[in-house]
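Here is the structure we will look at, set down as structure tokens.
The values are calculated or read from the model by the stated rules, or taken from the named source; none is laboratory data. Please read these numbers as outputs of a predicted model, since none were measured by experiment. Note that each Cβ is placed from the backbone with ideal geometry, even for glycine, and that neighbours are counted across all protein chains shown. Side chains included, ligands, DNA and RNA excluded: accessible areas come from the protein's heavy atoms. Shrake-Rupley method; radii C 1.70, N 1.55, O 1.52, S 1.80 Å.
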Amino acid sequence: MSMQKAAGAALFLLPAFPATAQTSQLGLERLVRDQAAALEAQQARIDALERRLAALEPVVQETAVTAAEVAKARPVVETRLDRLERLRNLPAGNAAMRPASDPLTAPSPSQAANVDDESFDWTKGLPQITSADGKSAMRLRGRMLFDTSSSFGSNFDRRNITGTKARAIRLGVEGKLGDMIGYQVEFDLTDNQAALRGAYLSFTKKWGDNIYELSLGNRLTDRSMEGASSSDSQPFLERNATALATAPRKGSFGLGAMARVYGKTWHAAVQLDGNEASTNGSVSDSTTLTGRVHWNPWRNSEAIVHLGAWGYREDFSGGVASIPLSTRIGGRFNELITVQASSLLDPDHGQAFGLELGGVYKSFWMFGEYGERDVWARHSAGGRHVGVRAGSIGAGVYLTGEKPPYVARGGVWSKPRVLRPITDGGWGAVEIAARYDQVSYSGPLGGEGYSTTLGLNWYLLDWVRVTPNWIRWRTENRAGAFAGADEGNTVVGRVAVSF
């Protein structure tokens with residue numbers, strides 16, 4: 001019975017086994033299909049991520065390069081920020097912010113090419129080397145001024161001469177050591193004579209709102225606006241008659257000490273010196289004490305007003321036998337066109353003073369100067385006295401939009417910053433200017449004269465200049481080879497390269 005029941009149960013279950021197997025196979029196929037769909041979706045996401053990664057890879061590389069460049073340039077940026085902070089504390093003028101004698105301005109963008117130890121800048125024509133931290137710098141200086149001159153119309157044929165001349169050929173070096181010490185050495189070939197010009201050591205320190213400077217050596221005298229400006233920074237080919245006629249016997253340079261104080265809108269200078277550095281040692285030096293102050297009572301981004309005054313006292317050495325008294329008004333080449341008086345024998349001492357007034361408005365400038373100089377002979381020579389009075393007024397405008405290169409810090413001329421130099425495809429800077437000068441010597445043999453000068457300055461670069469000047473002059477001398485009234489014209493042209 002039990003066997004029959006077991007056989008019946010087996011017969012009953014046999015149809016169920018194929019149905020169960022079929023059901024399991026269908027589930028497995030469904031699972032495979034689901035897994036394949038999931039793998040396909042995952043692959044799609046991977047492909048999308050790879051495409052995004054490929055798109056981002058150049059940006060990542062560029063960002064890495066930029067970060068490396070930023071890290072490399074960081075010392076230069078920090079140095080320049082430090083320099084800008086120091087410059088911000090200096091009084092700002094309409095052009096150059098630092099004195100004409102200071103070449104160590106902030107480096108140009110070309111210096112960023114080398115930031116490891118030193119950087120080199122050629123934008124001024126000769127290389128300037130600056131340390132990576134900006135605290136030390138050195139550069140070569142040089143100038144070449146070549147003139148051609150022709151005078152005509154004089155009643156004296158000897159005055160009607162034509163020729164060429166190297167007005168100046170100068171080479172030197174200047175630099176700074178840290179924030180306090182500066183130096184300069186220059187040699188010059190002028191009038192076929194070699195001479196030591198600027199050769200000094202300076203110490204600069206800021207206390208409070210003012211900057212104090214002490215110079216020891218042979219330095220350009222701070223006397224009158226054009227007299228205190230470098231000869232290659234004048235708006236005309238030569239300094240005005242006021243600066244020339246009232247110059248002390250020692251000339252524009254003297255070996256000694258100078259102290260200067262620079263405020264926000266003013267500066268003051270005192271200088272005590274003897275003869276030039278190249279003088280011989282056979283007699284005692286003459287000594288000259290000079291002082292000058294200037295003040296800018298009004299200044300903004302477009303205009304500036306200049307007021308100045310100066311004076312000096314000179315005591316002559318016993319070795320000075322006489323002093324020639326004459327002033328050239330027909331250019332540097334022609335030495336025969338002068339206003340003069342007879343020489344003063346056995347001079348004892350002299351003194352002089354002068355006043356300055358002028359200003360700048362946008363691209364226009366106008367300045368005037370007046371000066372007096374008096375010289376006395378020793379009592380043993382009769383105590384004779386000779387004086388000279390001189391006045392000058394000039395004006396000019398930049399037709400190409402540049403601002404006149406007036407340096408507010410020291411109240412002097414510098415070189416313009418050309419907006420469109422020829423190296424950048426421009427025409428350079430063009431300036432037209434006019435000036436009137438008058439000179440009069442006192443005494444029975446004192447002469448007088450005047451001149452009117454028209455000038456054109458074409459600056460191809462900041463340091464390359466072509467200049468023609470036309471001078472209409474008149475002299476009335478009472479002594480010398482050209483006594484009597486005379487008048488004429490002088491045309492002078494110059495090519496100047498000043499590094």
Which sequence of 161, 329 reflects their accessible areas, 1.4 Å probe, from the largest down? 161, 329
Sorted by chain and then number, the residues having a modelled amide H within less than 5 Å of the amide H of residue 462, at least 5 places away or on another chain, are 418
Compute the orientation-averaged projected area for the range 360-499 from the convex hull of its Cα atoms and round it to one decimal in nm². 11.4 nm²
On a full-extension model of 0.36 nm per residue, what is the gain between residue 452 and residue 284, subtracting their alpha-carbon distance, rounded to one decimal in nm? 56.5 nm
Once amide hydrogens are built 1.01 Å from N within the peptide plane, the residues lying 5 or more places from residue 168 or on another chain with amide H under 5 Å from its amide H are 145
Taking θ as phi - 60°, what are the ³J(HN,Hα) couplings along the range 132-148 by the Karplus curve (6.51, -1.76, 1.60), each to the nearest whole Hz, with x for Gly and Pro? 4, 8, x, 8, 10, 7, 8, 8, 7, 10, x, 8, 9, 10, 10, 10, 10
Relative contact order for the range 284-390: what is it in percent, counting Cα pairs under 8 Å that are at least 6 residues apart? 23 percent
What percent do you get for the relative contact order of the range 217-270 when only Cα pairs under 8 Å and 6+ apart count? 38 percent
Rounded to whole Hz, the Karplus (6.51, -1.76, 1.60) HN-Hα couplings of the range 466-482, x for glycine and proline: 10, 9, x, 10, 10, 10, 9, 10, 8, 10, 9, 8, 10, 8, x, 6, 10
Counting alpha carbon pairs within less than 8 Å and at least 6 residues apart, what relative contact order, in whole percent, applies to the range 266-308? 39 percent
Residue by residue through the range 329-341, which ³J(HN,Hα) values in whole Hz follow from phi under the Karplus form 6.51 cos²θ - 1.76 cosθ + 1.60 (θ = phi - 60°), with glycine and proline marked x? 10, x, x, 6, 5, 7, 7, 8, 8, 9, 9, 8, 10
Residue 349 accessible area, 1.4 Å probe, all protein chains in place, Å² to nearest 10: 40 Å²
Please give the contour-minus-distance gain from residue 378 to residue 472: 0.36 nm per residue of separation, less the Cα-Cα distance, rounded to one decimal in nm. 30.0 nm
In whole Å, how far is the Cα centre of the range 295-368 from that of the range 470-484? 20 Å
Could you list the residues of the range 464-487 with an amide nitrogen less than 17 Å from a label point located 7 Å from the Cα of residue 322 in the Cα-to-C-beta direction? 478-483
Long-range amide H partners of residue 400, meaning residues 5 or more apart or on another chain whose placed amide H is closer than 5 Å, are 430
Given charges at beta-carbon only (K, R positive; D, E negative), |dipole| of the range 121-234 in Debye: 160 debye
When each of 165/264; 250/403; 205/403 is checked by Cα-Cα distance, pairs over 32 Å: 165/264; 250/403
